[in-house]
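S.K.: Got a structure for you, written out below as structure tokens; questions coming shortly.
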Amino acid sequence: MTNSQGGRAGRLGVVASEHLSRAAMRRVKAPFQTEQARVDERDRQALILAEDLVRTLGAMKGGAMKIGQVLSLLDLGLTSREASEDFARTLSVLYDTAPHVASSRMVAVMERELGAAMRLIAEVEPEPIAAASIGQVYRATLHDGRTVAIKVQYPDIGTAVRADLKNLALFAKLRARKYPSFELSALVDEVSIRVRRELDYAAELAHHRAVLGRFAGHPVFVIPELVEELCTERVLTTEFLDGPSLGAAGDLPATMRDHLGEAVYRFYSGGLYEFGEFCADPHPGNVVILPDGKVGFLDFGLYVRMDPQHSRLERGILRATLDGDDDLAYALVLQTGFLADPEAMPRQTVLEFIEVGVAWQAAPGPTTITRDVARALTRKMMLPSSPYYSAVRRQRLPDAYLFARRTELTTCALLATFEPTAPWRAIAMEWLAGAPPVTPMGHLVHQWRCDRERFAELD
């Protein structure tokens, strides 16, 4: 272990010890607190944890940035808007700070990777426009006039990520009993999968091609074009999409927020239920608000393809639940093989769990996805305080199932950051039952789909 790695591991131990002391004090005070006092104390301790995570994980790259993104979006089911905003603002330091790798080193990686293809680039701007979890992104101009985004992996990032993920796992193990309201170990396991997949630019390139082909000519979605001559195992180059990220959506008029919300829902949840292939990393930095009202989607490192049987069951369970057909919903759940321990999760509990998970998109008319809706969903579906938590943990949880549920959860959390209103159920029924569209965007998408099918027949 290097000195820097050992120092980070040491800092993790200090954080764990400090939280052990605080946890002991909370146990002493708990019997004498009112319910509101316990709620306030839980929020206060979560904010202290966020500060300690920033202090401890700040030296890390991929793992720290990704854990900051996921935690700040889900906000651990915090009980008040003020606590949630403070928590997200504190953790944002993990991924909003200036990159630590000098541009000269990053350009050297670019030159080594691209070789003779560098001649296609007329100019690379001297400062990065973004820091991804495992690299930095530069805006550049090609000799043919195109403006592009070049994502370059940090030097030796693979070694650094492996070391940092080990330290994250150690941190989670030490903290397991000190922060029981959230299962940090499960989050670290998921972050490890996400970061390792993001290291594989060859796979991301293949995913990007697939998404680009699927949504070619889409009336709302914009997937940046690839510049394949400038793509390698450590460099990805795409068309540059010029616009603010979704993080700016909260300041927009309600009609625009609703438009963006429907686009986000159609892209992430529609991928899951309509195609059985979906981007499993919804967060504000991966969505670009374009001047013409279209919405750009970026970053396909974490992409999940379900097998056809699993995809069919996912659609069937959601439709049966929205239709109120409990018998069919339960029969389909049995087909998934999810119930490894039926005694721990009897029929009624299974149905309640599913209904809780889809409630945010089940109302018959337009509804608003608020922060309260997202916080309640997080508490009921993910946290150890959930009445379903122990029962679900005793079941069989395939990776595709876990990523599908997490993508639904983070899509809801992402929408809640700007609180759009839409007829979510009616939109879902377009995918599940071929129902006619009820929104202007739905009509545009329907016409686009019909045109594609007609052209395909002509070919």
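The values are calculated or read from the model by the stated rules, or taken from the named source; none is laboratory data. Predicted model only: the values in this text are computed from it and were never measured. A quick note on method: Cβ atoms are made from the backbone with ideal geometry, for glycine too, and the neighbour counts reach across all protein chains shown. Side chains included, ligands, DNA and RNA excluded: accessible areas come from the protein's heavy atoms. Shrake-Rupley method; radii C 1.70, N 1.55, O 1.52, S 1.80 Å.
S.K.: What number does segment 303-457 give for Rg over Rh if you use C-alpha atoms and the Kirkwood radius?
M.R.: 0.99
S.K.: Continuing with this model, one more query. Within 10 Å of each candidate Cβ there may be at most 16 other Cβ atoms; applying that plus a DSSP loop requirement, which GluC sites (Glu not before Pro) in segment 273-349 survive?
M.R.: Answer in residue order: E343.
S.K.: Got a sec? What order do K380, K294, K151, K166 fall in by accessible area at 1.4 Å, biggest, i.e. largest, first?
M.R.: K166, K380, K294, K151
S.K.: Between A340 and I48, what is the spin-label point distance in nm, taking each point 7 Å from the Cα along the Cα→C-beta axis?
M.R.: Placing both labels 7 Å beyond Cα along the Cβ direction yields 3.6 nm.
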